[in-house]
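Here's the structure we're looking at; comments come further down.
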Amino acid sequence: MTHRDTQLAQLGNRQDQQTGAVSLPIHLSTAYAHPGLGQSTGFDYTRTKNPTRTVLEEGLASLECGAQAVVTSSGMSAIQLVLGLFPAGSQFLVTRDVYGGSFRYFDKLQAQGFYQFTYFQDLEELTSLISDQVAAVFVETPTNPLMQEIDLAAVAQVCQGHQTRLIVDNTFLTPLRQRPLELGADLVIHSGTKYLTGHNDILAGVVVSKDASLGEQLVWLSNTTGPTLSPFDCWLFIRSLKTLSLRLDRQEANAQALAQELSQHPQIKEVLYPGRGAMMSIKIQDASKVDSFLRALKVFTFAESLGGVESFITYPTTQTHADIPQDIRESYGLTADLLRVSVGIEDPQDLIADIIQALNA
Ligand SMILES: *Cc1c(COP(=O)(O)O)cnc(C)c1O
């Protein structure tokens, strides 16, 4: 077996025997001719299976060390697909500091009476809340936007004692930095929109299951409900994965340099950075300066997303996490002085200088 970087660089290459095309063809066809009654080439209809998508799904399953991957049209549709595995009335335990869109969806499902969601802060609180009645634990680590890490192997052990499934949203670290399935999780979710594709130009989602039987259920659900990613976006996704390792190495090195520099700056109260990956949050001394700071940025873009080659700053209070009520947000530290930083591949000195000039603006 070749190394991850080799697999990534050559993903999908040289699959077309007829032409020898190096880059994988994009199979736009939705329908596939059958040789005869009861016969199939392996492909019938694109919602069910598509040759371009299959290459992407096999590559992602291998990256996350899982049995089956299913790609979807967005991170949220990946989360919806996974929840579709669970019967009505299921109880979930969820990390408190979770992506605002996930919170909004869980809140609606609970209000509609489909499922119940209870939030926990750390391993200790999870241990006190877990019971045989809990269908699944849903974890983001590091959390968004407070960047707290939780010990996934320890969480998996807690879950295994109760036949509870462990679902991990691995968007922030990618399988190059964290492989939850190897640590005992059952399902991994990604917003493929972020690091995996990394250019702020494709909306995509991924689910990977550890075992084949859960994988079959996901494939069945995906074929039945149709959250499918288009063949063109699958091809762009494959093309983007080829540089994932290079992008992430540079983004992480930039983030480490930025965190070090900013933690010494008098106008910054706190830098929240777990030491790996390229996401961090900063708390500024004077929250009333958030608007002038954002307006003064020249290299960073003030926008809501993350993981791209270009650096972004997000204000979770009014953007990504606006749907979490203010009292809940502030109770766990998501305060009005917090800005979330997604570090790109630009020159690190330009990034540092941009933040410093904007703090002084
Ligand atoms: C963006 C994001 C999502 C949602 O993904 P979309 O592709 O925007 O639908 C889910 N989880 C995390 C951690 C995210 O950052």
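Comparing ASP233, ASP44, ASP249 in a Gaussian network model of the chain where C-alpha atoms under 10 Å apart are linked, the largest mean-square fluctuation is found at ASP44. Less than 15 Å apart at the alpha-carbon level, and either on another chain or at least 8 residues along: which aspartates and glutamates does that give for LYS289? Those aspartates and glutamates meeting the cut-off are ASP337.
Selection among GLY66, ALA33, GLN116 by position relative to the dipole of the stretch 16-130 gives ALA33 as farthest towards the positive end (Cβ unit charges, Cα centre). With both labels modelled 7 Å from their Cα along Cα-to-Cβ, the SER263 to GLN349 distance reads 2.3 nm.
For the chain, which whole-number percentage of the solvent-accessible area (1.4 Å probe, protein heavy atoms only) is attributable to carbon and sulfur atoms?
On the way: 7810 of 15620 Å².
Roughly 50 percent of what the probe reaches on the chain is carbon or sulfur.
For a straight C-alpha distance cut-off of 16 angstrom, the aspartates and glutamates reachable from LYS298 (same-chain residues fewer than eight places away being disregarded) are GLU310, GLU346, ASP347, ASP350, ASP354. Per residue, the accessible area of the chain comes to 43 Å² when a 1.4 Å probe rolls over the protein heavy atoms. Here's the list of lysines a cross-link from LYS210 could span, going by alpha-carbon distance under 25 Å and ignoring same-chain residues fewer than 8 apart: LYS49, LYS194, LYS242.
The values are calculated or read from the model by the stated rules, or taken from the named source; none is laboratory data. Values in this document were obtained by computation on a predicted structure and should not be read as measured data. Because the Cβ atoms are built from the backbone with ideal geometry, glycine has one as well, and the counts that use them run over all protein chains shown. These area figures cover heavy atoms from the full protein model, side chains too; ligands, DNA and RNA do not enter into them. Shrake-Rupley method; radii C 1.70, N 1.55, O 1.52, S 1.80 Å.
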